[in-house]
Amino acid sequence: MSEHSAHPAYPVGLRLTGRRVVVLGGGTVAQRRLPALLAAGADVLLIAPSATPSVEAMAEAGELRWERRAYRPGDLDGAWYAVVATDDAEANAAASAEAEERRVWCVRSDDADAATAWTPATGRSEGVTVAVLTGRDPRRSAAVRDAVVEGLRDGTLSAPRHRARRAGVALVGGGPGDPDLITVRGRRLLAEADVVIADRLGPRDLLDELPPHVEVIDAAKIPYGRAMAQEAINAALVEHAKAGRFVVRLKGGDPYVFGRGMEEAQALAEAGIPVTVVPGISSSVSVPGAAGIPVTHRGVAHEFTVVSGHVAPGDPRSLVDWAALAKLRGTLVMLMAVERIGAIAEALIEHGRSPDTPVAVVQEGTMAGQRRVDATLATAARTVEEEGVRPPAVIVVGEVVGVNRAETGR
């Protein structure tokens, strides 16, 4: 492509639904690019000997097909588009040559001049997709994109004011999953980050909007799966902040609602690092709402209690008084409780809650894969198993579960 490098790139929108896209490499570049490709409906084939935990989770969830091996000639057969992002320069060059021969548009993470396609800095606002290319200046691409998106959001289309370089760490609540549900302040701080340490349950689509120079560290907070030790997360926050980088710790929900945010804030304070805490929308109220369930309702429930279900009733580590909870008349919202719903339901019934109490389980709330499964305390465990419900999911117990269905007839 070097002989054509003086010419500007031709911008185009690709309709990839159902079309094969091959991604070579399972590192952070793939982690950034995959969400947008999957959101576009592409038939993604990932070829890599190993992958980041988040990329592994996408494969395990059936969002893409993963062949655990290195690139081989012929891997681009049937592809419409390719992302070449391995740490092997020779393999990248060979794949790029194959793409040229097969007339497959190819993005290269290691050599933009050798690529036949470039990935623009992208952003979204109310159904509008903004894509900016500035050749070899990705920081400028990101800045122009941010200005346009901000203008679309506030109605002015003007660039944001220049701000002094930030220092320290921001603990940002990313909300329940839908990237549009992060706060304006959280999104702005994310756009200023030098380093982002992200949870699996954070809004991962936002990572695709980050400019290439931003370092993304995957904390891999996958429910019941592998996770970076909290001590290692704390150490990474301190290390990068002391190096003069502005670090955003992107968390799902709210940092202080079962997010271990205070542990991180305390570690940073002990290290003398300034901390900004940006509250997020907790899934404990937003996910039920997205599924048509009010956690309170006049004449039905005047209180709601949020409980972590990551430790089962009877476990000596549990700090939850299940007997007291069973006696409450209000709404009970449980997070991280799907795999212990049987033991929890038994404990609530044993201590006096009616077995006929309505229960709703909302999986992947606010996201494209959201679904709601209804049951009662007596049938909840069986229903969850039969329906194949898996985390992340929020469980709601109480009469509010039936309010919307009763009033709308649905």
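Bear in mind that the values in this text are calculations on the coordinates, not laboratory data. For clarity, every value in this text was computed on a predicted model and none was experimentally measured. As a convention, Cβ positions derive from the backbone with ideal geometry for all residues, glycine included, and neighbour counts pool all protein chains shown.
Take the Cβ-Cβ distance between T129 and E67 as r, set R0 to 30 Å, and report the resulting FRET efficiency rounded to the nearest 0.05. Using R0 = 30 Å, I get an efficiency of 0.50.
Modelled this way, with points 7 Å down the Cα-to-C-beta line, the labels at R136 and V184 are 3.9 nm from one another. With each label modelled as a point 7 angstrom along the Cα→C-beta vector, the R317-D88 pair spans 4.0 nm. When you count the other C-beta atoms within 10 angstrom of each residue and take the mean per peptide, 321-327, 26-32 line up highest first as 26-32, 321-327.
Considering only the chain, what is the antiparallel percent among its DSSP beta bridges, to the nearest 5? Let's see the in-between values first.
Working: 22 of 60 bridges.
Of all bridge pairs located within the chain, approximately 35 percent are antiparallel.
Using only Cα atoms and rounding to the nearest 10 degrees, what angle (0 to 90) does helix 230-242 make with the longest principal axis of the chain? Between the helix axis and the principal axis of the chain, the angle is about 50 degrees.
Modelled spin labels at A167 and E101, positioned 7 Å past Cα toward Cβ, are 5.5 nm from each other. Taking amide hydrogens as placed 1.01 Å from N in the peptide plane, the amide H of V44 sits under 5 Å from those of V21, R65, each at least 5 positions away in sequence or on another chain.
Scalar couplings 3J(HN,Hα) for segment 277-282, obtained by applying the Karplus form with A = 6.51, B = -1.76, C = 1.60 to θ = phi - 60°, are 10, 10, x, x, 6, 6 Hz; x denotes Gly and Pro. Against the chain, whose longest principal axis is taken from its Cα atoms, helix 138-154 shows a tilt of about 50°.
Which one, P391, P53, P288, has the greatest fluctuation when you compute a Gaussian network model over the chain with C-alpha springs under 10 angstrom? Result: P391 has the largest fluctuation of those listed. Sequence gap at least 6, Cα distance under 8 Å: using those rules, report the relative contact order of the chain to the nearest whole percent. Rounded, it is 11 percent for the chain.
Rounded to the nearest 0.05, the FRET efficiency derived from the C-beta distance between R19 and E192 at R0 = 35 Å is 0.50.
A Cβ-based charge dipole, computed about the Cα centre of the chain with Lys and Arg at +1 and Asp and Glu at -1, lands at about 860 debye.
Against the chain, whose longest principal axis comes from its Cα atoms, helix 341-350 is set at around 20 degrees.
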